[in-house]
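> Could you have a look at this structure, given as structure tokens, before my questions?
The values are calculated or read from the model by the stated rules, or taken from the named source; none is laboratory data. These numbers come from a predicted model, not from an experiment. Virtual Cβ from ideal backbone geometry, glycine too; neighbours counted across all protein chains shown.
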Amino acid sequence: MTRALNFNAGPAALPEEVLLQAKKELLNFNGTGMSIMELSHRSKDYEAVHNGAQTQLRNLLQISDEYEILFIQGGASLQFSMVPMNLLTEGKVGSYVLTGSWSEKALKEAKKVGATSVLASTKDENYKSIPQINVDNLESNAAYLHVTSNNTIYGTQWQSYPDVSVPLIADMSSDILSKSLNINQFGMIYAGAQKNLGPSGVTVVIVKKDLIQASVDHLPTMLNYQTHSQNNSLYNTPPTFAIYLLKLTLDWVENQGGITAIEQKNNEKAKILYDVIDESNGFYSGHANLDSRSNMNVTFTLPDEDSTKEFLTLAKENGFVGLNGHRSVGGCRASIYNAVPVEHVVQLAEFMKNYRQKG
Ligand code: PMP
């Protein structure tokens, strides 16, 4: 069976090798005569997967021992609440940069917990770009500065991060593991797994240990980072199958040559699509400003609603999946996460060129 040309925004394409490995081991994991889903989360076999995923992530992203790697459920959306609940203490302000709907949602949750401020926003220009940051405007009593590294809906991405004196916290749900990062710039990073890390069901939280120590103990047990940290993310039953697939995905990234090789391929894939847009004489129009373009989500429109509709219908008929823009912005969006093969991107580029010529 041929695999779909999958450009879904998340849950998204997984590496075929990962799925085949999971299939191979589905009935008998590691000689246990059971699926990984049927093992105790306290068993040696599962423990190796759990700890192995943490170690591999640590190696791939060069995360030092100063940071804890946690697996939490509830999606990135729960982190919108857990971040302020744990870190926005009395007398402090949670500072946010608004670059799209997900940052707005993060801010909305923080407002329920304590004082907040918006350091910068590009809402007025329909989130076409990442704003310039003047760090002098950050409050002296800021608990942290929160950013969304890649804006899945608008197709914009931070190219570099401001150097701030408070912990920088990034929602990296849609670009973690897509390029190298300097972990030391961040107090905390979190990401729902369902784009670059594996399936939905597990959220990876990479957090500096000293931030957790400062965290508050009046919180419900499951909402306190300390609980997850003190119990190696095994306080309760973790999503074992999702963590297993995360581990297989990390194996795959390693086999591809690690982050450097992945980053190169991602640059190549994004360039293929942006070149089609830029060489189309305005037929395809990118939503993001050039200096803020995302390598993960390529967003564009056609000259009018009717042609956008026709393009999407024809694309679907030709086997392309997931090209509709997010329901809140419309247009088209091609999500080209790590697992989307270059050949699929080339096929989409050809389809776009042919559609333009035909029109
Ligand atoms: N942040 C970003 C940048 C996202 O793209 C998404 C999901 N698309 C979320 C947060 C929400 O993630 P979840 O569904 O895992 O709560």
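> Of the residues ALA13, ALA48, only one is within 16 Å of the ligand (Cβ to nearest atom) and either modelled with pLDDT of 95 or more or under 28 Å from VAL342 (Cα atoms) (or both); which?
Of the residues listed, the single one that is within 16 Å of the ligand (Cβ to nearest atom) and either modelled with pLDDT of 95 or more or under 28 Å from VAL342 (Cα atoms) (or both) is ALA13.
> Is there a residue being among the charged types (D, E, K, R) and buried (at least 18 other Cβ atoms within 10 Å of the Cβ) anywhere in the range 272-280?
Keep residues of the range 272-280 that are among the charged types (D, E, K, R), which gives 275, 278-279.
Okay, now just the ones that are also buried (at least 18 other Cβ atoms within 10 Å of the Cβ), so none.
Looking through the range 272-280, none of the residues is among the charged types (D, E, K, R) and buried (at least 18 other Cβ atoms within 10 Å of the Cβ).
> OK, next. Being surrounded by fewer than 24 Cβ atoms within 10 Å (Cβ to Cβ) and under 12 Å from PRO167 (Cα atoms) is the filter here, so list the residues in the range 193-208 that pass it.
Of everything in the range 193-208, just one residue is surrounded by fewer than 24 Cβ atoms within 10 Å (Cβ to Cβ) and under 12 Å from PRO167 (Cα atoms), namely LYS208.
> In this structure, is TYR190 buried (at least 24 other Cβ atoms within 10 Å of the Cβ) and not aliphatic (A, V, I, L, M)?
Numbers: buried (at least 24 other Cβ atoms within 10 Å of the Cβ): yes; not aliphatic (A, V, I, L, M): yes.
For TYR190, the condition - buried (at least 24 other Cβ atoms within 10 Å of the Cβ) and not aliphatic (A, V, I, L, M) - is met.
> Which residue pairs have Cβ atoms closer than 6 Å, lie 6 or more positions apart in sequence or on different chains, and pair a first residue in the range 99-113 that is of a type outside the set (Lys, Arg) with a second residue that is within 9 Å of the ligand (Cβ to nearest atom) and in a helix (DSSP H, G or I)?
Sorted first by the residue in the range 99-113, then by its partner, the pairs are ALA106/PHE80; GLU109/PHE80.
> Would you call LEU211 more than 28 Å from THR152 (Cα to Cα), away from the ligand (no atom under 16 Å from the Cβ) and out of contact with any helix residue (DSSP H, G or I) (no Cβ under 6 Å at 6 or more places or on another chain)? Spell out how you get there, then give the answer.
Values: more than 28 Å from THR152 (Cα to Cα): no; away from the ligand (no atom under 16 Å from the Cβ): yes; out of contact with any helix residue (DSSP H, G or I) (no Cβ under 6 Å at 6 or more places or on another chain): yes.
So LEU211 fails the test.
> Please pick out the residue among ALA53, ALA76 that is at negative phi and either polar (S, T, N, Q) or within 16 Å of the ligand (Cβ to nearest atom) (or both). Please lay out each step first, then the result.
On the way: ALA53 fails: either polar (S, T, N, Q) or within 16 Å of the ligand (Cβ to nearest atom) (or both).
Only one candidate passes the filter, namely ALA76.
> Further, regarding this structure: Strands (runs of 3 or more DSSP E) wholly in the range 82-165 with at least 2 residues that are within 16 Å of the ligand (Cβ to nearest atom) and crowded, with 19+ Cβ neighbours inside 10 Å - which ones?
Working: elements: 93-98, 115-121, 142-148.
In the range 82-165, 93-98, 142-148 are the strands (runs of 3 or more DSSP E) which contain 2 or more residues that are within 16 Å of the ligand (Cβ to nearest atom) and crowded, with 19+ Cβ neighbours inside 10 Å.
> Please give the helices (runs of 4 or more DSSP H) falling wholly within the range 184-277 in which 3 or more residues are more than 24 Å from GLU38 (Cα to Cα) and touching a residue at least 24 places away in the same chain (Cβ under 8 Å). Spell out how you get there, then give the answer.
Values: elements: 209-213, 225-230, 240-255.
Those helices (runs of 4 or more DSSP H) span 209-213, 240-255.
> Hey, another quick one. Looking only at the range 181-212, how many residues end up being touching a Lys or Arg at 6+ places or on another chain (Cβ under 9 Å), within 28 Å of THR89 (Cα to Cα) and among the small types (Gly, Ala, Ser)?
1
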